[in-house]
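Presented below is the structure to which this report refers.
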Amino acid sequence: MEELFAAPRALEIGFDSLSAAAGLFVVAMALRVASAFTLSAHRQALRVLAAAAVIVVTSEILGIASALTGPSTLTDAAEEFAELVAISAAAAVLHFLSRVEREEISPLRRSADVDELTGLGSRSFFERVAGRRVEQARDKGTPLACVLLDVDDFKAYNDSHGHGAGDEILRCVARVLRESARADDVVGRYGGEEFVLLVNGEVGDARKVAERIREAVQTACVPQDGNMLERPTTVSLGVVPLSEETKSLDRLIAMADAEMYRSKKTGKNRVSVFESS
């Protein structure tokens, strides 16, 4: 009787083992591909798939234990083969998604993530990354602040000296931002002559970063040909902390923009900080 069930048992154990290995592959690939997706719904769906694959792996391990201790039939082996085909198909789909992400989507995303003129993060990149930071800060109760800056009188300078000279000023401001921001701050060009930072820390930390940027721009970004008769390049900045009044990234940026305009109206080349009521 043992010889009668030896072949089905071996097949069942073999298919269970292969299904468990494929399930582990699905778990690894689902988590890897999920981290690359930008839509939270897609990331959540793949995490659910990974959890389902964990259940499958556990089931296959229990199946191996059962086959080792009890009789098997060809029907049992056929059922395990069908499970192997199903989990292998899921693994193949995830492998395909990973390859497409790596070879086709990632290069396009990288080009869209970088502002061509300044080399800083693009607006879409900043909003994507900063949006996640804001969610994390709200959930964990960690301090966060937004700094928005605008180059003073940029249009007049651009009209007087040409777009090439204006581009040099923007590249210089971008260099100052990279050098002044800390490693865990998010920096981006928000549009035109506007730049934005998301600072991990209290509003006082963000104000120090903003003042450092303001002073560095005035010193480093000398107008075209180093003409000292020209008024120095300056920036106006607005700083707003994440709080009950600024629960979303859109609201945070809007209020930082209002503070920046307050700096413009009160003399330019200064930092305005939002004072919570």
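The values are calculated or read from the model by the stated rules, or taken from the named source; none is laboratory data. Here the structure is a predicted model, which means the values were calculated and not measured. Counting neighbours? That spans all protein chains shown, and the Cβs are built from the backbone with ideal geometry, glycine included.
A few comments on the model shown:
- Hits in the range 238-268 - residues which are within 26 Å of the chain's Cα centre (by Cα) and among the polar types (S, T, N, Q): Ser243, Thr246, Ser248
Residue-by-condition table, conditions (1) within 23 Å of Arg138 (Cβ to Cβ); (2) in the same structural domain as Gly141 (by TED's automatic domain parsing); (3) among the small types (Gly, Ala, Ser):
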residue: Asn158; (1), (2), (3): no, yes, no
residue: Leu170; (1), (2), (3): no, yes, no
residue: Ala183; (1), (2), (3): yes, yes, yes
residue: Val203; (1), (2), (3): yes, yes, no
residue: Thr234; (1), (2), (3): no, yes, no
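- Total residues in the range 146-184 satisfying the condition of being modelled with pLDDT of 90 or more and outside any helix (DSSP H, G or I): the figure is 8.
For every residue, the table says whether it meets (1) within 27 Å of Glu116 (Cβ to Cβ); (2) buried (at least 18 other Cβ atoms within 10 Å of the Cβ); (3) among the acidic types (Asp, Glu).
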| position | (1), (2), (3) |
| --- | --- |
| Gly164 | yes, no, no |
| Arg178 | yes, no, no |
| Tyr190 | yes, yes, no |
| Thr219 | yes, no, no |
| Leu237 | yes, yes, no |
| Lys247 | no, no, no |
| Ile253 | yes, yes, no |
| Thr266 | no, no, no |
| Ser272 | no, yes, no |
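- Identity of the residue in the range 166-178, farther than 16 Å from Asn200 by Cα and without any contact (Cβ under 8 Å) to a residue 60 or more places away in the chain, that ends up farthest from the chain's Cα centre (by Cα): Gly166
- Considering residues of the range 1-20 that are part of a helix (DSSP H, G or I) and surrounded by fewer than 16 Cβ atoms within 10 Å (Cβ to Cβ) only, the residue modelled with the highest pLDDT: Ala10
- Cβ-Cβ distances below 6 Å connect the following pairs, each with a first residue in the range 18-34 that is at negative phi, a second residue that is of a type in the set (D, E, K, R) and surrounded by fewer than 23 Cβ atoms within 10 Å (Cβ to Cβ), and a separation of six or more residues or different chains: Ser19/Glu83; Ala34/Arg43; Ala34/Arg47.
- Of all residues making up the range 232-259, the number that are in contact with an Asp or Glu (Cβ under 6 Å, 6 or more places away or on another chain) and either of a type in the set (Gly, Ala, Ser) or assigned to a helix (DSSP H, G or I) (or both): 2
- Looking across Arg212, Arg231, Arg138, one residue alone is within 22 Å of Phe125 (Cβ to Cβ), touching a residue at least 24 places away in the same chain (Cβ under 8 Å) and either of a type outside the set (Val, Ile, Thr) or crowded, with 20+ Cβ neighbours inside 10 Å (or both). It is Arg138.
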